[in-house]
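Enquirer: I'd like to ask some things about the structure below.
Every number in this text was worked out from the coordinates using simple rules, so none of it is lab data. As the structure is a computational prediction, the values presented were derived from the model and not from experiment. No Cβ is skipped: glycine too gets one built from the backbone with ideal geometry, and neighbour counts run over all protein chains shown.
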Amino acid sequence: MNVFNRFGLRKAPRLAGWSSKGPRSRFDELAEDGRFLQDTAMGANSIAAMNLSYVIIYVPDVPEALSFYERAFALRQRFLHETEQFGELDTGGIVLAFTGHALAAQAVPVKYRPLRSEDEPVGFELTLTTDDVSTAYARALHAGAQPVAEPHNTPWGQTVAYVRDHVGTVVGLATPMS
């Protein structure tokens with residue numbers, strides 16, 4: 001059975017650079033991974049468009065995380081589940097959420113290393129934009145964030161600063177790109 005029949009397709013989709021006689025295509029890779037979807041709404045086969053909607057940080061104490069981000073970064077709590085294992089902050093865009101380790105262990109079937117402020121940071125940063133980086137940096141430090149880099153200007157025109165939150169996440173504070 002060919003890749004297309006496995007997904008109930010009669011013919012190959014028209015993807016740039018795809019050839020049924022050529023070398024393995026990106027489509028073949030996606031189809032084998034199960035990431036190829038049939039878009040019935042558009043009447044054609046396509047790769048489903050994705051949007052970044054949530055950034056979720058696994059923490060030992062969700063209410064504490066929400067409180068810290070409210071104090072340090074002036075974000076408002078949007079939601080806290082009655083189990084206190086999941087909560088969200090109002091960021092004005094993409095949802096910043098926190099999941100407790102107990103819920104994360106049930107919901108996500110993969111072992112992970114919990115964030116700890118005394119460990120080296122993991123390889124990502126969460127960036128919040130503001131028109132006043134210096135004041136935001138001072139507020140974060142006053143709330144207990146650990147300093148990483150004081151406010152400074154970048155060659156591309158932003159003012160940026162970096163702190164670590166209560167569990168060690170690197171948080172960038174930056175002026176918006178213009």
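Enquirer: Assuming R0 = 25 Å, what is the FRET efficiency of T83 and N51, from their Cβ-Cβ distance, to the nearest 0.05?
Expert: Plugging the Cβ-Cβ distance into 1/(1 + (r/R0)^6) gives 0.40.
Enquirer: For region 54-174, compute Rh as the Kirkwood radius over C-alpha pairs and then the Stokes-Einstein diffusion coefficient at 20 °C and 1.002 mPa s; write the answer in µm²/s, rounded to an integer.
Expert: 145
Enquirer: May I ask you to evaluate 6.51 cos²θ - 1.76 cosθ + 1.60, the Karplus curve with θ = phi - 60°, for each residue of region 71-82 and list the ³J(HN,Hα) values in order in whole Hz, giving x for glycine and proline?
Expert: Result, rounded to whole Hz: 5, 6, 10, 6, 8, 9, 5, 9, 7, 9, 5, 4.
Enquirer: Can you list the HN-Hα couplings for region 155-168, worked out from phi with the Karplus curve (6.51, -1.76, 1.60; θ = phi - 60°), rounded to whole Hz and with x for Gly and Pro?
Expert: My calculation for region 155-168 gives x, 8, x, 9, 9, 9, 8, 9, 9, 10, 6, 5, 10, x Hz in order.
Enquirer: If amide H atoms are built 1.01 Å from N in the plane of the peptide, which residues on other chains or at least 5 residues away come under 5 Å of the amide H of F86?
Expert: Those qualifying (amide H under 5 Å, at least 5 residues apart or on another chain) are H81, G100.
Enquirer: Oh, and also: Report, by chain and number, residues whose modeled amide H sits under 5 Å from the one on Y58, excluding near sequence neighbours (fewer than 5 apart, same chain).
Expert: Residues meeting the criterion, in which the H sits 1.01 Å from N, are T99.
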